[in-house]
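Here's the structure we're looking at; comments come further down.
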Amino acid sequence: MIRKFLFLAVLAAFCAPAQAAGWRDTVTAFADQNLNHPAWGASHSRRDYALAKRMAAADGVTLDDDVLFAASFLHDMSAFPTWSVKGQDHSDAAAGKIDLVLGGTDFPKAKLEAVRAAIRTHMFGRDPVAPEARYLHDADALDWLGAIGVARQFGLVDPKGGAPMGPDAVRAIQTLMDKVPPCVVTPAGKARLATLLAEDKAFLEALRRESGDWADL
C-alpha cells in the first residue's frame, strides 16, 4: 500500500502541468532580453534594486519589495526606442508602459500605482514621496557617482569617434559630482556620498595627469 501511494505521488508530480512563471521571472526575463545598455541596462537595474534595499535596511525603513523590484527593473524601459514616447521624459513614459510587462502576470494590481510613482520620480532631479520611491531615487542617483558612475559614462563614449567622446565623459562626471549630492534625500544615501565623490576625484586627478591635462584624452 505504501509503495502504491509513493508511486502515485511521483506519477502525479511528473504529470502535473508546469507552473506558470511568477511575475518576477517575467520582469527579469524582459529586462535581460530587452534592456541591454552600458549605462542604463538590466545590470543598472539590479544594482539599483540591491542598493535601495541595503540603504533602507541601514536606515531601519521597511519597503514593499514587490513595488521596489518592479520599479527598479522597469524604470528605464522607455529609455529604449521601442518603449519611448516622443516629447515625453523617459520616467513618465515608462510609468505608462509597465502594463506591457506586468499585465497578465500575478503582480498585485493594487500596487501598480506605487510602482508608477516610484518610476516617475526615480531621476535625481525629481521629488520622491513614498519610501520605495525615495530609496530607488537615491540608488539611481548614486549609481552615477564613484567607480560605477565612471564606468557608465565611459561606456557611452562612441568607439567610432563621434559624440560623446572622452572629454565629454569627463565633463559629465564633473557635472554629476555637482548636481547629484544635493538631490540625495535618504540618510543612508547621504552617508555614501563622501566615499563615492572621493572615488570620482581620485579617478579624474589620475586621468588628468596621464592625459597631459586632458589634451591627449
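Annotations for the structure displayed:
- Counting only lysines at least 8 places from LYS201 when in the same chain, those with an alpha carbon closer than 25 Å to its own are LYS179, LYS190.
- Ascending count of other beta-carbon atoms within 10 Å, so fewest first, for SER78, SER211, SER91: SER211, SER91, SER78
- FRET E, pair LEU207, ALA110, Förster distance 45 Å, beta-carbon r, rounded to 0.05: 0.35
- Note, ³J(HN,Hα) from phi for the range 188-204, Karplus 6.51, -1.76, 1.60, rounded to Hz, x at Gly and Pro: 5, x, 4, 5, 8, 4, 4, 5, 5, 5, 5, 5, 4, 4, 5, 5, 5
- Here the contact order of the range 32-94, divided by its residue count and restricted to Cα pairs under 8 Å and six or more residues apart, works out to 28 percent.
- Cross-link partners of LYS160 among lysines, defined as those whose alpha carbon lies under 18 angstrom from its own and excluding same-chain residues fewer than eight positions apart, are absent.
- The HN-Hα couplings worked out from phi for the range 167-176 by the Karplus form 6.51 cos²θ - 1.76 cosθ + 1.60 (θ = phi - 60°) are x, 5, 5, 4, 4, 5, 4, 4, 5, 5 Hz, whole numbers, x standing for Gly and Pro.
- Close amide H pairs (under 5 Å, H built 1.01 Å from N) link ASP76 with no residue at least 5 positions away or on another chain.
- Translational D in µm²/s for the chain (Stokes-Einstein at 37 °C, 0.692 mPa s, Kirkwood Rh from C-alpha pairs): 171
- Charge dipole magnitude, Cβ of K and R +1, D and E -1 - the chain, Cα centre, debye nearest 20: 560
- Going from the fewest other Cβ atoms within 10 Å to the most, the residues ILE98, ILE148, ILE119 appear in the order ILE148, ILE98, ILE119.
- By the helix-only formula, in which each DSSP H run with n ≥ 4 contributes -39500 (n - 2.57) and the sum is divided by residues, the chain has a 222 nm mean residue ellipticity of -19000 deg cm²/dmol.
Read-outs: derived from the displayed coordinates by stated rules, not from any lab. Because the structure is a prediction, the values reported are computed rather than measured. For neighbour counting, all protein chains shown are included, and Cβ atoms are generated from backbone atoms with ideal geometry for every residue, glycine included.
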